[in-house]
1. If you go through segment 94-116, how many residues are over 30 Å from residue 51 (Cα atoms) and assigned to a loop (DSSP other than H, G, I, E, B)?
2. Within segment 97-108, can one find any residue that is at pLDDT 95 or above, crowded, with 17+ Cβ neighbours inside 10 Å and under 17 Å from the mean Cα position of the chain (by Cα)?
3. Inspect segment 130-142 for any residue being out of contact with any strand residue (DSSP E or B) (no Cβ under 6 Å at 6 or more places or on another chain), under 30 Å from residue 102 (Cβ atoms) and aliphatic (A, V, I, L, M) and give the result as yes or no.
4. Please go through (1) over 18 Å from residue 126 (Cα atoms); (2) modelled with pLDDT of 95 or more for residue 62 and return the number of the only condition it doesn't satisfy.
5. Taking segment 109-120 on its own, how many of its residues are among the small types (Gly, Ala, Ser) and surrounded by fewer than 20 Cβ atoms within 10 Å (Cβ to Cβ)?
6. Test of understanding: among 38, 70, 21, which residue is closer than 25 Å to residue 206 by Cα, among the charged types (D, E, K, R) and out of contact with any Pro (no Cβ under 7 Å at 6 or more places or on another chain)?
7. Checking the structure you have, find out if any residue of segment 138-145 is within 17 Å of residue 71 (Cα to Cα) and at pLDDT 95 or above.
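The values are calculated or read from the model by the stated rules, or taken from the named source; none is laboratory data. Because the structure is predicted, anything quoted here is derived from the model rather than measured. As a convention, Cβ positions derive from the backbone with ideal geometry for all residues, glycine included, and neighbour counts pool all protein chains shown.
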Amino acid sequence: MAKVIKSLLQSLYPYGVFRADRVLSSSNPSPVAYLTFDDGPIPEVTPQVLAILAKYNVKATFFMVGENIDKHPDVFRQVIEAGHSIGNHTYNHLKGWRTPYADYMSNVAKWEEAVLRTSYIVHCTLFRPPYGKATFRQRRALHQQGYRLIYWDILTRDYEATRTPEQMLAQIKCDLRPGSIINFHDSLKSNERMLAVLPKAIDYLLSQGYTLLPL
């Protein structure tokens, strides 16, 4: 069934990456998973995420909104200096299905300008469409520009007010497989629920022998 779903997703999203299974080395056959965080950086949440990740000595990937980078360049620098990966999440968190092509691509480029304003020269090759929604034309253009379009295969839905940390952890345990890309949000909407489940999720992943890497 997993192969059928993967084949279907690849046909619908030919430029999308939903899992990133890899073998570390012949001497280290442990499975790999990827923690990802959308919508930051913001001072109310992102530093707390960084502290949890540092406690476990694991790295993650942050898909940042350009407007937040401009507002909080110091928090952006904290993510970079901690050794985590970053990805483009558009400047204004645009939904591609509702945004004209030229406006969408201009917003992607505006994100890159925001990064340059932080005084860091960061070559970013990762992109995640906000809401997971971008048209085929937008996705193809991003691919041609050298971006890897990163989606997920575990969406925690930590932004839902009725969603509990226990439900999120149960979902991770149920859906986890080698190469899983797990989607969290370092946003005010997800704050308490995400911060409550994150250490438990990392504990579980490590207990199952997973290595946690940035994309």
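1. Here is the first cut: in segment 94-116, the ones over 30 Å from residue 51 (Cα atoms) are 95-107, 109.
With assigned to a loop (DSSP other than H, G, I, E, B) added as a condition, the list becomes 95, 99-100.
Within segment 94-116, residues that are over 30 Å from residue 51 (Cα atoms) and assigned to a loop (DSSP other than H, G, I, E, B) number 3.
2. Scanning segment 97-108 turns up at least one residue that is at pLDDT 95 or above, crowded, with 17+ Cβ neighbours inside 10 Å and under 17 Å from the mean Cα position of the chain (by Cα).
3. yes
4. Here residue 62 clears every test but (1).
5. Residues of segment 109-120 that are among the small types (Gly, Ala, Ser), as a first pass: 109, 114, 119.
Those still in the list that are surrounded by fewer than 20 Cβ atoms within 10 Å (Cβ to Cβ) too: 109, 119.
Matching residues across segment 109-120 total 2.
6. Numbers: 70 fails: closer than 25 Å to residue 206 by Cα; 21 fails: out of contact with any Pro (no Cβ under 7 Å at 6 or more places or on another chain).
Of 38, 70, 21, the one residue that is closer than 25 Å to residue 206 by Cα, among the charged types (D, E, K, R) and out of contact with any Pro (no Cβ under 7 Å at 6 or more places or on another chain) is 38.
7. Going through segment 138-145, the residues within 17 Å of residue 71 (Cα to Cα) turn out to be none.
Scanning segment 138-145 turns up no residue that is within 17 Å of residue 71 (Cα to Cα) and at pLDDT 95 or above.
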